[in-house]
Each structure stands twice: as structure tokens, then as C-alpha cells.
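Chemist: My questions will all concern the structure given below.
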Amino acid sequence: MVDIAAPTATLFERTRSQFDAATHALFLRKRPAWPLAIMRILFGLVVFGWTTTMAVDVASLLGSDALVPLEFASQGGWNWFALESTGAAWVAIGVLVIASVAIILGWRPTEWLVVTFVLLVAVQRRNPVILNSGDVLLRNFALILAFMPTGAALSVDRWRRHGRGALWTAPDIAPWGLRLIQLQLCVVYFFAFWSKGGDLWHNGTAVSTVFRIDDITRFGSPGWLTTNVVLIGLFTWGTLAIELALTTLLWARRLRPVLIGLGFLLHFFIDVFVLVGFFGPLMMIGLLSFADADWLERRIATRRARPQPA
Amino acid sequence: MSGLDATERPDAHTALIHTRVGKAVVAVLVVVMSVWIVGPNIPASPVRDKVDVVWSPAVNAGFEQNWSVFSPNPRAQTLKVVAVAEFGDGTTTEWTLPEFGQTIGAYRSYRWRKWQERVRLDSNARYWDSSAAWIARDVARGDELPVRVRLIRRWREITPLTASGIVDTKVNEFEFHVWDRVDG
């Protein structure tokens, strides 16, 4: 009779210790806060842009006598507070502007991110007819970023705590919150890929159709491209390939820089030709969560160490 | 170690991982948030109907998920909603969506385009009367409202690209709602 108890126990112990090491590296091993600080600033700028472009249409889109009346405000879900007048909409927009500036500057960003999430939900539920994916992604990012120490670097909070000199240093932070935004990003790419099951995506012509939908083109339809079968096939299947790669291969460290570059290129290209709201800029901010924090720290340290001109 | 020095106090998020209880809190947060991020994306099915109670609090709170962009196929129509307002003296004026430019203004325009994309649908007929009434106020000449506003959808089919190129199609037009001013 062969005794398998001992080898099984050894295998179990080895697997457990490998799992512990992987979990530690993924959620607990600290790394410099630079990418998170940059993400916070860019996210604040997007919230500022979203809010100010909405502010000019408060009366038409959110007010008491808006294009979509109060009775059609989203009934689903919890209403944090309903915006039942033009004045209430103005207050929400005003506070969102303040929140965006606070997030950019890094003044109590966690608190302001929660405020941003609550207000975005209130404003967006006031008029669900104008919503797009970028709007939903904006509020999701606001909530997820609240689980991260976004004010750890490049922030008023750091300046107040450690003085002006500390502005150009970044502490090490635990990355567990960062994993959530990375998961959200991968989920977006995966389900964007998964849902594209139509014949136009399969036969490689979908991008031609997208670029000819006149009511969502931005800088005009690229005629040279929409009729070129080979290029359109490349762009259509390339989109699917990049979306799938960004779901899975982004986790492979060596491929990451190339994939982040491809992701930026994909969103830049879409944003130039197609109206997608703030979806593109937000996805690019999300991609920054995969940036190599140690590499950034080394680059910044090298620059700091260089003698300054007299 | 980066930052100022080894004695720098960690932020509250990072401090959590230094205690056993904190680690447990992190584990719970990560698991709950992960389920809230992934769960709502599961395709409709009997299984989903059974378990969606797990993430419905998140969805109710506004943490939603729906990432089907240009799917399963991109829309094969280019469309436009216009309104023709008729005044008491018999004159008419055509209302079209406001345009705000292609750079910053594009973010503003897109919201109006989304309204256009949805309001044209028969399944959204509940929005038609209030939309026409708003347009009547928008094109009013001082205090004079138009007596009638007709909502019209114009569309053109987009044929798929083939090896021999693309086929031009004609613009179709359909009046889908009429709003009449009620005096009194």
C-alpha cells in the first residue's frame, strides 16, 4: 500500500504558500503612489469637464421645465435625493464643481469622491434619456477611487501634512484598492468584446458602419477608410483583438507597456471619429492603473537627483 | 521605500493591512466590490435571476454595469429628429438639435444626440408630448407659442461594406407625433 498522505500534505502546503505569496503581491505589497496620484488629478479634470459641460444645459436638461420632465426621472433604485427643481439641479452642479477642484488638488479626495458619486447618481437619474456608458463609468470610478489613498501624493493633503518639499515625493501605498479599478477596467473590455457577436463584427466590416453613422461622427467620417475593405477588416478585428487582450494579457507584466499603448491608441482613434462622451478619457485613466509605479519612482528620483541650474 | 523616510505614517487605506482585523476588512471589501463589479454583467438567465439579489443593492445605489457598445452590431441607420412648428399666422419654423462644436462642445452635443436616439423609438412614446411642448417653448416668438408642433424622424439605412464598396441609400421621413397647443 502506497502512503499518499505525506506527498499530498506537501503539495497542499506548497500550493498554499504560493497562493499566500500571490495574494500578498497582488493586494498587500506596497508600491509608490505616483500612478494613483496622476489618476486622481486626471479623474478630477474629467469630473470638472463633465460638470461644466452639463452646467450650461441645466435648464434644458435638468430643470423643472426641462426637455424630459420630472415625472420621467429614473424611478429605479434608491434616490439619494431627487432633483425636483432647477435650483436643486444648480446646487448639485455647483457642489460637483467644488468636488472636482478638491479632487484635482487632492484636498480630502476620499470624502469628495463619495460626494461626487452620490451627486452624479442624483444628476444622472434626473434625466436618464441622455445617459451614455461614459456617465456610468464616471460614477463607478468615483466610488472605486474612494477606496484608494488618492491623496497620498501630489496633493494639498500631503503638503499640509509634510510641507511643500514633500510634494515631489510619494509614499508607498497598499495596492488593494487599485485592483478594483483594474477589475472594473477588464470587465468593461471583456463585456464590450463579448457583446460584439453580430455578423458585421464577425465579417470584419463593423467599423465601416460605425464611421458612417452621421449623427455620432465627431470630426467627420473618414471616407478614405470607410470604403477600404482591407483596412476596415484590420480595424474591426483589431478592435476585438485589443479588447480581448486588454481583458487578459494586461496582467502579464512584460506585455503591459505595449498593451497600454494599444489601449490609448484605440481610445484616441475612437474619440477622434466617434462621439462617445467621456468614456474614452476615463478608460485611458483606468489604463494608468496598470502603469509601473516603481519605474515612475525611479524616473522621478533620477530627475530630482540631477543638479538644478543655478 | 519611497516617500520621505521609513517613519512616515501610512495613510488610512494602507494602515488597514498592518493589522489582522484590517486585513479581514480589506478581504471583505475586495470580495464584495468584485462581486458588485462582475455580477451585474452576467447575461440574463435563470441562474442570474436567482443570485442577482447579491448585487442589487449596488445597482440600486447607482453602481451599475452595462458595457455593450456597438453591439451585437453597430446601428445600421443614421438618424435625425426634427420638429416643424406652425404658428397662428400660418408660418412655420424647423427646429433641429443644438450643435456646440467638435472639441469641447462634442461632449455637450452627445447628450442631445442620445435624447434623439432614444426619443425617436415607438417604445419611448411617453416622451413625445413633453418633448414637443418643450420645443414649442424653445421656438416661441416672445409670448407666442406655436399652435402645432410636428415631430419628424429622418433616417437613412447604412448598407454593409462589400468588396464593391458601399451603396448610397435615400433619406426616409416619418411624422411620429403631433402636439397641438391647448389654450385656456
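Chemist: Taking region A:283-306 as the search range and keeping residues that are of a type in the set (D, E, K, R) and out of contact with any Pro (no Cβ under 7 Å at 6 or more places or on another chain), which one is least open to solvent (accessible area, probe 1.4 Å)?
Modeler: First, pick out the residues of region A:283-306 that are of a type in the set (D, E, K, R): A:292, A:294, A:297-299, A:303-304, A:306.
Filter once more, keeping what is out of contact with any Pro (no Cβ under 7 Å at 6 or more places or on another chain): A:292, A:298-299, A:303-304, A:306.
Values: A:292: 60, A:298: 136, A:299: 140, A:303: 159, A:304: 109, A:306: 132 Å².
It comes out as A:292.
Chemist: I'm checking my understanding of the structure. Among residues of region B:10-46 that are surrounded by 11 or more Cβ atoms within 10 Å (Cβ to Cβ) and of a type in the set (D, E, K, R), which one is modelled with the highest pLDDT?
Modeler: B:23
Chemist: With the checklist (1) out of contact with any Asp or Glu (no Cβ under 6 Å at 6 or more places or on another chain); (2) of a type outside the set (Ser, Thr, Tyr); (3) open to solvent by less than 40 Å² (accessible area, probe 1.4 Å) in hand, flag the one item residue A:32 doesn't pass.
Modeler: Failed condition: (1).
Chemist: Would you call residue B:85 more than 7 Å from every other protein chain (Cβ to nearest Cβ), hydrophobic (A, V, I, L, M, F, W, C), under 26 Å from residue A:150 (Cα atoms) and more than 20 Å from the chain's Cα centre (by Cα)? Before the answer, list the steps.
Modeler: Working: more than 7 Å from every other protein chain (Cβ to nearest Cβ): yes; hydrophobic (A, V, I, L, M, F, W, C): yes; under 26 Å from residue A:150 (Cα atoms): no; more than 20 Å from the chain's Cα centre (by Cα): yes.
Taking the combined requirement at face value, the residue does not satisfy it.
Chemist: Could you run through region A:32-47 and say how many residues are more than 10 Å from residue A:101 (Cα to Cα) and in contact with a helix residue (DSSP H, G or I) (Cβ under 8 Å, 6 or more places away or on another chain)?
Modeler: First pass over region A:32-47, keeping only residues more than 10 Å from residue A:101 (Cα to Cα): A:32-40, A:42-43, A:46.
Still in the running and in contact with a helix residue (DSSP H, G or I) (Cβ under 8 Å, 6 or more places away or on another chain): A:32-36, A:38-40, A:42-43, A:46.
Number of matching residues: 11.
Chemist: Do we find that residue A:77 is touching a helix residue (DSSP H, G or I) at 6+ places or on another chain (Cβ under 7 Å) and over 28 Å from residue A:160 (Cα atoms) in this structure?
Modeler: Taking the combined requirement at face value, the residue satisfies it.
Chemist: Which ones in region A:137-168 are at the interface with another protein chain (Cβ under 10 Å from one of its Cβ atoms) and open to solvent by 20 Å² or more (accessible area, probe 1.4 Å)?
Modeler: Matches in region A:137-168: A:143, A:147, A:157, A:161, A:162, A:163, A:165.
Chemist: A further question follows. Does residue B:57 qualify as being more than 28 Å from residue A:49 (Cα to Cα), open to solvent by less than 50 Å² (accessible area, probe 1.4 Å) and within 12 Å of another protein chain (Cβ to nearest Cβ)?
Modeler: yes
Here is a yes/no grid of residues against (1) within 8 Å of chain A (Cβ to nearest Cβ); (2) over 21 Å from the mean Cα position of the chain (by Cα):
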position	(1), (2)
B:70	yes, no
B:96	no, no
B:129	no, no
B:155	no, no
B:163	yes, yes
B:166	yes, yes
B:172	no, yes
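The values are calculated or read from the model by the stated rules, or taken from the named source; none is laboratory data. As the structure is a prediction and not an experimental result, all values here were calculated from the model. Because the Cβ atoms are built from the backbone with ideal geometry, glycine has one as well, and the counts that use them run over all protein chains shown. Only protein heavy atoms, including side chains, enter the accessible area calculation; ligands, DNA and RNA are left aside. Shrake-Rupley method; radii C 1.70, N 1.55, O 1.52, S 1.80 Å.
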